[in-house]
Every structure is written in structure tokens, then in C-alpha cells.
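This report refers to the structure that appears directly beneath it.
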Amino acid sequence: MVGVLWRLLGSAVASAFFALLFHAPKRSILPASLVAMAGYGVYLVGEALTGSVVAGNFFGAMAIAALGEWLARRMRMPATIFVSVGVVPLVPGLGLYQTMLNLVQNKLGAGARSGLETLMVAGAIAMGIALVAPFFSIFHGRNKSRT
């Protein structure tokens, strides 16, 4: 349990540094880091429940997109700030590294396996974000027309 808390805290801190690297507005750094931590938590729960890294990433990306869109409207900032920072812990960097290492070492079968899983994870992240964003624009548009 303590290890999970350290991983969640590490995801928030790493995302905060990426927010600084992306030159995000100062007032968005803490909320964006919390979005990243929440998304990574959803990823961990999703992976534990389904037994699939791809499904965990999909659910984590959906949570990040939903929270990012909500915060964007609440703080009157672009959702890209929160989503791009929030997705940092989910990026399959280790999978990319293992794919390239296996290919360089001429382990083509292992490279193909890790490459395919990495592509599926990246696709799951993209799909999770892409499925959530239209709902917020539809509901936000309805609320604007009523006022």
C-alpha cells in the first residue's frame, strides 16, 4: 500500500516538473499534477481489476480527459494544459525502450511483442482522451445556450 502511495506521489511530482517544462501557467501546475495523480490511480485500479495494461491505460486516460475538461471550464484555461500534463505518467516510455532494445539486440520476436503492446497502450490513451472530449463540448454548448 505504501508503494502505491509513493507511485501516486511520484506521478504528481513528475507531472509538475513536466508542467514547468511545458511553460504551463503557474496557477495550473498543482491542479494539472493532481489530474495526473488521479489518472494514474485510475490506471492502477483498472489494471488490477482487468489484468490488462491496455485497459488500465484506457480508463486512466478517460479520467484524465474528464478531469482536464472539467478543470478547463472551471479555471477558464485550455483543456490541453491539464490533459497533456496529466497523461505524462501513462506514456509507455519503458515499452518504447524495451522495443528498441530488443530490436537492436536482434530479438525480433520479443521486439514485436513489446512493440505491439506499446502501440496498443498508445492507442488506448488516444482513444480514452478522444472519447471524452466531445461529451464536454456538447454539454458545455447546451449550458451556454441556456444562459
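The values are calculated or read from the model by the stated rules, or taken from the named source; none is laboratory data. Quantities reported herein were computed from a predicted structural model and do not represent experimental measurements. Cβ placement follows ideal geometry from the backbone for every residue including glycine, while neighbour counts extend to all protein chains displayed. What goes into the accessible areas is simple: the full protein's heavy atoms, side chains included, and nothing from ligands, DNA or RNA. Shrake-Rupley method; radii C 1.70, N 1.55, O 1.52, S 1.80 Å.
When the solvent-accessible area of region 1-76 is split by element, carbon and sulfur atoms take up 74 percent of it, the probe being 1.4 Å.
Spread over its residues, the convex hull of the C-alpha atoms of region 17-57 is 60 Å³ per residue.
Database remark: amide H of Ser52 closer than 5 angstrom to no amide H (H placed geometrically; neighbours at sequence offset of 5 or more, or on other chains; Pro and chain starts carry no H).
Accessible-area rank, largest first, for Leu8, Leu119, Leu90: Leu119, Leu8, Leu90, with all protein chains present and a 1.4 angstrom probe. Simple point charges give the picture: +1 on the Cβ of Lys and Arg, -1 on the Cβ of Asp and Glu, and for region 1-85 a dipole about the Cα centre of about 380 debye.
With the helix formula -39500 (n - 2.57) applied to DSSP H stretches of n ≥ 4, the chain reaches a computed 222 nm mean residue ellipticity of -30000 deg cm²/dmol. Taken over the chain, the percentage of Cα pairs per 10 Å bin, counting from 0 up to the bin with the maximum distance, is 12, 36, 32, 15, 4, 1, 0.
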